[in-house]
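These notes are about the structure you will find just below.
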Amino acid sequence: MTLAAFPSPPQGVWYLGPIPIRAYALCIIAGIVVAVWLTRKRYATRGGNPEVVLDAAIVAVPAGIIGGRIYHVITDNQKYFCESCNPVDALKITNGGLGIWGAVILGGLAVAAYFRYKKIPLAPFADAVAPGVILAQGIGRLGNWFNQELYGAETNVPWALEIYYRVDEQGKFAPVTGTSTGEIMATVHPTFLYELLWNLLIFALLMWADKRFQLGHGRVFALYVAGYTLGRFWIEQMRVDEATMVFGMRINTLVSAVVFICAVIVFFRLKPGRETPAEIDPTYQASLAAAGESVGSDEKPETTGHAKV
C-alpha cells in the first residue's frame, strides 16, 4: 500500500428504494448545468439572445449523449461484442463510457441544424460555448473517479489512486456498480485527474485568450479543440485499459493527433477579430433597439478587435 495514495470512492451508485442514483450521471448533469449557465452569460455579452442557449442545449444534450455513446461503443467494441460479452451492455450508458468526439460531432451537427433553421450564425455561439464545454468535461471526469475507470498503470507516486475491490449484494465482483470491500487491488496513475486538471487549464486559457485578443468567427472553439486534443494525446498514452489499436496506437491517441493538426490549421485560417452584436443576431438586436435596451443586461458588449494571436 502506498501511504500517500488517495482513495477511490467506496461506491458509485446509491439507491433510493428501487431507484439507482449514479454519481457518473450526476457529474454529467452538473457539467451540463454549469456549461449552460456560463454559455448564456458569454453569448449575451457577445450580443446574442441567451434564451437561444437553452433551446440549443435541448437539442445538443441528447444528441451529444447518443453520439458520445456510439463513438465509445465503436472504438471500444471489444467490451461489448466479444464471445463472453453481452451486447445489451452497449446501451447501458449509466455504467460509464462516452466518447467526447462522438458527443461533439453529433451534438454539433444537431446545433448547427437548429441554428440554420433559426437563421442565426453558428460561429459566435460556438465561441461562447467552448469554455463551458471543456469545463463540463472536467466536471464529468469526476464520474470516472466514482466508477473506478480511465486510470493508468500501477505506480507509487505520491498522488497514486487506490483501486478497490467492489462486490454486489451477491458478493460477485462489480467494479462499477458494487461496494468496496476495503481491499486495495492496485495503486495507479489517476489519468482521469490528469485530464480534469488539463481541462481546467485549457478553460482558463480560453477565457483569457478570448478576452485578451477579442477572438471570434469560431476561433475560440478551434482553440478549445486544439488545446483539448493536445492534452488528450499524451494522457491517452498513459491509460492501460483495453482499446482499439490502429497502426499500433490507441485509436483515441490517433484521433487526437489528427484533430489537433486540423484545429490548429483552422484556427489560423479563420478571420481575426470578433463579430459585432448585429452580425451575431440582427433580429435580436433589432428587438432590443425597439425596446430601448442595451446589449447584454449585466455587461457591456466587448468591442470588435483585430488582434491576432
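Only the coordinates and a few stated rules stand behind these numbers; no lab work does. Keep in mind the model is a prediction, meaning the values are calculated, not measured. Glycine also receives a Cβ, built like all others from the backbone with ideal geometry; neighbour counts cover every protein chain displayed.
Assign unit charges at the C-beta atoms only (+1 for Lys and Arg, -1 for Asp and Glu), then state the dipole size of the range 142-293 relative to its Cα centre in Debye, rounded to the nearest 20.
660
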Evaluated at 25 °C and 0.890 mPa s, the Stokes-Einstein D of the chain based on the Kirkwood radius over Cα pairs, in µm²/s, stands at 117
Cα-based Kirkwood hydrodynamic radius, the range 1-160, one decimal, Å
17.6
Number of Lys pairs (Cα under 26 Å; 8 or more positions apart or on different chains) in the chain:
19
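Please report the projected area of the range 111-184's Cα convex hull averaged over all directions, in nm².
Numbers: hull surface 33.8 nm².
The number I arrive at for the range 111-184 is 8.5 nm².
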Which whole number in µm²/s is D for the range 70-113 by Stokes-Einstein, with the Kirkwood Rh taken over Cα pairs at 20 °C and 1.002 mPa s?
189
Between 206, 238, 179, whose Cα lies farthest towards the positive end of the dipole of the range 169-238 when Lys and Arg beta carbons carry +1 and Asp and Glu beta carbons carry -1, centred on the Cα centre?
206
Which value in Å is the Kirkwood Rh of the range 39-102 over different Cα pairs?
13.6
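So what's the back-of-envelope 222 nm ellipticity for the chain, counting only DSSP H runs of four-plus at -39500 (n - 2.57) apiece and dividing by all residues, rounded to 500? Let's see the in-between values first.
Working: 9 runs with 168 residues, N = 309.
The helix contribution divided over the chain gives -18500 deg cm²/dmol.
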Need one number for the range 93-146: average projected area of the convex hull over its C-alpha atoms, nm².
4.2
Averaged over every viewing direction, what's the projected area of the C-alpha convex hull for the range 81-235? Give it in nm², one decimal, please.
12.3
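For a test of the definition: using alpha carbon positions, the gyration tensor, and the 1.5 limit on a/c, classify the range 1-53 as rounded, prolate or oblate. Before the final figure, lay out the partial values.
On the way: a/c = 8.05, a/b = 1.90, b/c = 4.23.
Oblate, since a/c reaches 1.5 and b/c is not below a/b.
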In terms of the charge dipole of the chain, which places +1 on Lys and Arg and -1 on Asp and Glu at the beta carbon, the residue among 126, 13, 137 farthest towards the positive end is 126
Simple Cβ-charge dipole of the chain, Lys/Arg +1 and Asp/Glu -1, about Cα centre, in debye nearest 20
880
Length released on extending from residue 157 to residue 82, taking residue separation times 0.36 nm less the Cα-Cα span
23.5 nm
Between helix 282-291 and the chain: long-axis angle, C-alpha atoms, 0 to 90°, nearest 10:
60
